[in-house]
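To start, the structure itself, in C-alpha cells.
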C-alpha cells in the first residue's frame, strides 16, 4: 500500500467523522450554517450577491431519519421538498449537517493573458496559478508571475480561497486542489472556490482531497486531448459540515498524521525495492538490526518507550470504558525490570488490581537499548481474526466487497481480489495490516480496500498508536521465520494467542520514525 492510498484512507475517516471524537459542547454545524446564510442574505440585500437560481437550498433531517432538501425563493416560499438520501454518500455524526457547496461558497475562474505581449509577465510579480503549481496543499509561490498589466485582466483571489484543477491530463489519476496562502490569479485550467467564511478553507480542502476519486469519476468527463471535471456538478455537490471546533480538530489530526504517512510510504517502498534488489540474507540482517536498536543511534532526548506504552494503556482503558474494546483476559500486561536486573511481568485488571509479578527473563531473546521497553504484542495492537463464508455468501461478479481468503490474495506484498461478498461479518478497513495465519503463514500486506471481509486464514492488525504501524510491520517481517516455526497442524496455522503473546521490543516513537527513514536510506544506497 502506497502513501497515497493510506492518505486517502485517513481523509475518508476524517470526512466521515471517524478520525476524532465529537464533543457535545461544540457549537453545532447548523448554527455555523445559519450565520453563513444570514451573511449571504445581507450581501444579496446590498446587491453584492445574487439570489441562487432555483431557490436557496436548505437541507434537514426528516422524521424518518433521512436527509431532505427544500428549495425556497427570495420570499421564503417553498419551491420543492424532496428526500436526498440516495445522494448522500455516507452517514454523518448528529452534530454535523449536509450542505450544498454553493450554499457556503462562491466560485471563480481565470485565463491566460496573451503570451505574445511580454509586458503581461514579470519576475516576482502577481502570482498566477497553473496546474503545475497545484502540487502541494498550500500555494505561496508560482512558477510564472504576471505584471500589473497582465493581472488587471484577471480576478485576484485572496488568501484562503481554494484552487481546483478542472482540466488536465493529471485528472486521470489525481484531483489537484490547494489553498491560497497569498493572493493570486489563476489560468483557465483552474476553478476557484471562495468560502463564505475562510475558516472553512482547511476543512473544504480536506473534504475535496478525501473525495478525490468520487469527484473525478462522478463529475468527470473525457476530453479530446485532456480529462476534465464538470465544475457545475462540483458546485452542487453535497458537503458534510462539522462544527467549526471539530473542523479544527480534524484538520489538526490530519496534519499530524500526514508526516507519518510519508514515512510509512517510504518504508513500504523501501521494503518492496529491497526485496527485489538485495539478497535475502542482507535484508534479514537489516531487519534484525532495526529491531535490536542497531540501525540508528539512540537519542536521550526522545520520549522513552515507557511513556509511549503508558499512553497506549490509557487509551485502551478509555476504549474499554466506552465499550469499544474488550478488556484483555487476565488483565493488561506490564513488563518491567526488577531490582535484580531481571525482567518481570505483571497483569493489571480494569479495576487496577495487580497480579503477582512473574519472572520472564528466560523469554527475553536479546538485550535492547536504554529507553526501549519489552511488551507483549497484544499490548500495542488490536487483532481481528477472520471467519469463513459459505459458497452462497460470496460471488465472482464484483458484487459487494472483496472476500480475502488467504495467500492467493497476496502477491509480492500487495492484495488482489478474486471473490466478493455482500454478507460481510469480519471486516478489515483500509490501512490495516493483514497477516496470513494459516496455510502459507506469514504473508503480509496493507489492506488497500475501503472494506474487505477476511477469512479465518487471515488476521487484521491495527496498532493502538497509529504511528507504530511501520515499525510493527518491520518487526513482523524480521520475526516472520520464527513465527512460522510455531505453526501447528496438517495445514500449518498460527493461533491468535500465539501471535498476541509474542514479545516485541518497543523503541521510543521518535526512534521508530528514524528507523523507517534509515531503512529507506539503505534502499537508496542499495539501488
* Asked: What do you reckon, is residue 32 closer than 16 Å to residue 200 by Cα and touching a helix residue (DSSP H, G or I) at 6+ places or on another chain (Cβ under 6 Å)?
  -> yes
* Going through the range 75-84 one residue at a time, which ones are loosely packed, with under 12 Cβ neighbours inside 10 Å and either closer than 20 Å to residue 207 by Cα or touching a residue at least 12 places away in the same chain (Cβ under 8 Å) (or both)? -> 79, 80, 82
* For the range 348-373, what are the residues that are assigned to a helix (DSSP H, G or I) and touching a residue at least 60 places away in the same chain (Cβ under 8 Å)? -> 363
* Structure fact -> By my count, strands (runs of 3 or more DSSP E) wholly in the range 43-158 with at least 1 residues that are touching a strand residue (DSSP E or B) at 6+ places or on another chain (Cβ under 8 Å) and over 22 Å from residue 208 (Cα atoms) are 56-61, 67-72, 78-83, 121-129, 144-146
* To do: Scan the range 272-297 residue by residue and report those that are surrounded by 15 or more Cβ atoms within 10 Å (Cβ to Cβ), touching a helix residue (DSSP H, G or I) at 6+ places or on another chain (Cβ under 7 Å) and modelled with pLDDT under 90.
  => 273, 274, 278, 283, 286, 287
* Filter the range 235-245 for residues that are assigned to a helix (DSSP H, G or I) and either surrounded by 22 or more Cβ atoms within 10 Å (Cβ to Cβ) or in contact with a strand residue (DSSP E or B) (Cβ under 8 Å, 6 or more places away or on another chain) (or both) and give the result. => 235
* Positions within the range 459-502 being in contact with a helix residue (DSSP H, G or I) (Cβ under 6 Å, 6 or more places away or on another chain), under 19 Å from residue 440 (Cβ atoms) and part of a helix (DSSP H, G or I), in sequence order -> 477, 478
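For (1) on the phi > 0 side of the Ramachandran plot; (2) touching a strand residue (DSSP E or B) at 6+ places or on another chain (Cβ under 9 Å); (3) buried (at least 17 other Cβ atoms within 10 Å of the Cβ); (4) in a strand (DSSP E or B), each residue gets a yes or a no:
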{"site": "299", "(1), (2), (3), (4)": "no, no, no, no"}
{"site": "302", "(1), (2), (3), (4)": "no, no, yes, no"}
{"site": "312", "(1), (2), (3), (4)": "no, yes, yes, no"}
{"site": "316", "(1), (2), (3), (4)": "no, yes, yes, no"}
{"site": "330", "(1), (2), (3), (4)": "yes, yes, no, no"}
{"site": "334", "(1), (2), (3), (4)": "no, yes, yes, yes"}
{"site": "341", "(1), (2), (3), (4)": "yes, no, no, no"}
* Structure fact -> Every listed condition ((1) touching a residue at least 60 places away in the same chain (Cβ under 8 Å); (2) farther than 22 Å from residue 506 by Cα; (3) more than 29 Å from the chain's Cα centre (by Cα)) holds for residue 254 save (3)
* Structure fact -> Filtering strands (runs of 3 or more DSSP E) wholly in the range 174-234 for at least 1 residues that are free of Cβ contacts under 8 Å to residues at least 60 places away in the same chain and more than 25 Å from residue 141 (Cα to Cα) gives 220-222
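Condition check ((1) surrounded by fewer than 13 Cβ atoms within 10 Å (Cβ to Cβ); (2) in contact with a helix residue (DSSP H, G or I) (Cβ under 7 Å, 6 or more places away or on another chain)) across all residues:
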residue: 123; (1), (2): yes, no
residue: 127; (1), (2): no, no
residue: 133; (1), (2): no, no
residue: 139; (1), (2): no, yes
residue: 143; (1), (2): yes, yes
residue: 163; (1), (2): no, no
* **Of all residues in the range 165-185 being over 27 Å from the mean Cα position of the chain (by Cα) and surrounded by fewer than 23 Cβ atoms within 10 Å (Cβ to Cβ), the one that is nearest to residue 5 (Cα to Cα)** => 182
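The values are calculated or read from the model by the stated rules, or taken from the named source; none is laboratory data. Computed from a predicted model, the values in this text were never measured in an experiment. When we count neighbours, we look across all protein chains shown, and the Cβ atoms used for this are built from the backbone with ideal geometry, even at glycine.
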